[in-house]
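Peer 1: Starting off with a structure, shown below.
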Amino acid sequence: MPRAKNSRNSPSPQGKSGFVRIISGQWRGRKLPVRDVEGLRPTTDRVKETIFNWLAPHVRETRCLDLFAGSGGLGFEALSRYASRVTLVERDRGAADQLRKNIALLGSSAAEVIETDAVSWLQGPARPFDLVFLDPPFRKDLLPTVCTLLEQNGWLADEALIYLEREREAEPPSLPASWRLIKDKQAGQVCYQLYLREIHEDAA
């Protein structure tokens, strides 16, 4: 998706390197080209390694959604670690084209790119995901809206894991009551967290 010029200010060297690197899994060490989209802020290797250390037991055979895909760094990492299906939603045409090319480079049939606006897409027909990555453009206040849509419109499996990445200076977003924080870290200007969706059935 397009990023406002100053909306992605994380000090990521990858943002200017022209590629993202897959850290582990079947394509460990593989570098994938990144389209030069204004303000694109790929998740740094340091943060990505922490995320997937958290997720290590939970990625294989999961249905994964990378909602603001950008470079696809998070979605491709999950794909390399044997997620059963990865859906990458990206509204910027150039970035979406590069995601498709990278899927072809990997020779994977387990990934799809949906070129559309994330908020609009979440208002359409839903299918449940086990693992969701939410790394929207900074200073756009998108997290409250997309989190509500994910929860209310049937996009999440009962015990889905949801990763959130946001600017450190922002107020924490209002999140669904069923989401429980299980991991929380900061790196530079970025705050990143992992939530577990817990559904408690009322006693009969």
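The values are calculated or read from the model by the stated rules, or taken from the named source; none is laboratory data. Every value quoted in this text rests on a predicted model; they were computed, and no experiment measured them. Quick reminder, even Gly has a Cβ in these numbers, built from the backbone with ideal geometry, and neighbours come from all protein chains shown. For accessibility, only protein heavy atoms count, side chains too; no ligands or nucleic acids. Shrake-Rupley method; radii C 1.70, N 1.55, O 1.52, S 1.80 Å.
Peer 1: How many Lys pairs in the chain lie less than 21 angstrom apart by Cα atoms, where the lysines are 8 or more positions apart or on different chains?
Peer 2: For the chain, the number of qualifying lysine pairs is 9.
Peer 1: So what is the calculated 222 nm ellipticity per residue for the chain, using -39500 (n - 2.57) for each DSSP H run with n of 4 or more, over all residues, to the nearest 500 deg cm²/dmol? The partial results should precede the final answer.
Peer 2: Working: 5 runs with 47 residues, N = 204.
Only helices count here, giving -6500 deg cm²/dmol.
Peer 1: Between SER178 and ARG93, what is the FRET efficiency for a Förster distance of 35 Å, r being their Cβ-Cβ separation, to the nearest 0.05?
Peer 2: Working: r = 35 Å, r/R0 = 1.00.
Efficiency computed from Cβ-Cβ geometry: 0.50.
Peer 1: When 1/r is averaged over all different Cα pairs and the result inverted, which Kirkwood radius in Å belongs to the stretch 112-180? Let's see the in-between values first.
Peer 2: Values: mean 1/r = 0.0783 Å⁻¹.
Roughly 12.8 Å, rounded to one decimal.
Peer 1: Another question about this same structure. When DSSP assigns beta bridges and you keep just the ones with both residues in the chain, what percent turn out antiparallel, to the nearest 5?
Peer 2: Details: 18 of 34 bridges.
DSSP beta bridges in the chain are roughly 55 percent antiparallel.
Peer 1: Still on this structure, please answer the following. Less than 15 Å from a label point 7 Å out along the Cα-to-Cβ axis of GLU198: which backbone N atoms in the stretch 134-167 qualify, by residue?
Peer 2: 158-162
Peer 1: Compactness ratio of the chain: Cα Rg over 2.2 N^0.38 Å, N = residue count? Each step should come with its number before you reach the end.
Peer 2: Numbers: Rg = 15.8 Å, N = 204, 2.2 N^0.38 = 16.6 Å.
Relative to the 2.2 N^0.38 Å estimate, the chain comes out at 0.95.
Peer 1: Leaving ligands, DNA and RNA out of it, report the carbon-plus-sulfur percent of the accessible area of the chain at a 1.4 Å probe.
Peer 2: It is 45 percent, rounded to a whole number.
Peer 1: Heavy atoms only, 1.4 Å probe, whole protein assembly: order ARG60, ARG21, ARG81 by accessible area, highest first.
Peer 2: Working: ARG60 150, ARG21 80, ARG81 45 Å².
Final ranking, largest accessible area leading: ARG60, ARG21, ARG81.
Peer 1: Also: For the chain, with only Lys/Arg (+1) and Asp/Glu (-1) charged at the beta-carbon, what is the dipole magnitude about the Cα centre, in debye rounded to 20? The partial results should precede the final answer.
Peer 2: Values: 29 positive and 27 negative charges, 199 e Å.
Computed charge dipole of the chain: roughly 960 debye.
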